[in-house]
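Novice: First the structure, then my questions, so here it is.
Laboratory data are not the source of any read-out in this text; all were calculated from the coordinates shown. Only a predicted model underlies this, so the values are computations on that prediction, with no experimental measurement involved. Every residue, glycine as well, gets a Cβ built from its backbone with ideal geometry; the counts of neighbours run over all protein chains shown.
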Amino acid sequence: MAGTSTITFSTPAPPVFDGENYEYWCIKMKLFLKANTLWEIVETGFQQKAEGVQYTEAQLQQLKEDELKDAKALSYILNAVTHTIFPRIMRALSAKSAWQSLEEEFQGDERVRTARLNYLRKDFENMKMKENEDTKVYTSRLLEVVNQMKTYGEDISDARIVQKILATLTNRYNTIATIIEESKDLSQLRVIELMSSLQLHDQKLKKAT
């Protein structure tokens, strides 16, 4: 009888932040922490054991589990920065405080983040497709702004992005935009599906010329 082998998968290393493009690293790192079920402990923190408080066995077990999760999350964050960034957070006592330190330094305080988000919102609302752009270039430019908005806490739906793209295409896309609007439920249409349809249309236009 042939022996059986067990396939194991190792956890990928966290993305490393070197001081540049914090917004992109932030998105990747959040996903990494979520994949390891650790983002909640980073976002909300955890309750530490208080002196003089009587805890049940279940509560003590939960406190211990949360403390271990926080230690793991903090370890990941510390290992996700280069040696030049490490000194900024090496004395952090929790994953939440380490994350907030990076956020405050590279995104600014609440006032700065609010101002930056308002600027990005205005940039998003004013953005239009240029005459010399194809849809791939335009949507990439738009989604870069969207991704930055998300790092500042903006909850922006696919439906809103889809409507924005369709409303700001140049006149040569009027026909395909009308077809999509009449044949699709825009509230359910994903951005990636819209991009595929528009890029296919671009290919047909190029073949026709």
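Novice: Can you compute the helix-only [θ] at 222 nm over the chain? Use -39500 (n - 2.57) per DSSP H run of at least 4 residues, normalise by all residues, nearest 500 deg cm²/dmol.
Specialist: Calculated from helices alone, the mean residue ellipticity at 222 nm is -20000 deg cm²/dmol.
Novice: With springs connecting C-alpha atoms under 10 Å apart, model the chain as a Gaussian network and identify which of Ile77, Ile165, Ile192 has the largest mean-square fluctuation.
Specialist: Sorting by GNM fluctuation, first place goes to Ile192.
Novice: How big is D, in µm² s⁻¹, for region 75-209 by Stokes-Einstein at 10 °C and 1.306 mPa s if Rh is the Kirkwood radius over C-alpha pairs?
Specialist: 91
Novice: Moving to a separate point now. I need the calculated FRET efficiency for the pair Ser140 and Glu104, taking r as the beta carbon distance and R₀ as 22 Å, to the nearest 0.05.
Specialist: 0.15
Novice: If you only keep lysine pairs separated by 8 or more in sequence, or across chains, how many in region 12-133 come under 16 Å at the Cα atoms?
Specialist: 11
Novice: Another question, if that's okay. Using a/c under 1.5 as the rounded threshold, could you call region 117-191 rounded, prolate or oblate? The axes a ≥ b ≥ c are square roots of the C-alpha gyration tensor eigenvalues, and prolate needs a/b larger than b/c, oblate otherwise.
Specialist: Since a/c reaches 1.5 but b/c is at least a/b, the shape of region 117-191 is classed as oblate.
Novice: Give the long-range amide H neighbours of Val81: residues separated by 5 or more places, or on another chain, with amide H under 5 Å away, using H modelled in the peptide plane at 1.01 Å from N.
Specialist: Excluding prolines and chain starts, which carry no amide H, the hits are Phe17.
Novice: Let me ask another. By how many nm would the segment from Asp155 to Ala167 lengthen if fully extended, with 0.36 nm per residue of separation less the alpha-carbon distance?
Specialist: Length difference between fully extended and current span is 2.3 nm.
Novice: Label Glu193 and Ile179 with points 7 Å out from Cα along Cα→Cβ: what is the distance between them in nm?
Specialist: Spacing of the two 7 Å Cα→Cβ label points: 1.6 nm.
Novice: Would you mind telling me which residue in Ala80, Ala115, Ala13 has the biggest mean-square fluctuation in a Gaussian network model of the chain, where springs connect alpha carbons within a distance under 10 angstrom?
Specialist: Result: Ala13 has the largest fluctuation of those listed.
Novice: Looking only at Tyr24, Tyr55, Tyr152, which one moves most when the chain is put into a Gaussian network model with springs between Cα atoms under 10 Å?
Specialist: Of Tyr24, Tyr55, Tyr152, the most mobile in the Gaussian network model is Tyr55.
Novice: Would you work out if region 1-134 is rounded, prolate or oblate? Take a ≥ b ≥ c from the square roots of the eigenvalues of the alpha-carbon gyration tensor; rounded if a/c is under 1.5, else prolate when a/b is larger than b/c, oblate otherwise.
Specialist: Verdict is oblate for region 1-134.
Novice: To the nearest 0.05, how large is the calculated FRET efficiency for Ala13 and Gln48 if R₀ is 30 Å and r is the Cβ-Cβ distance?
Specialist: 0.55
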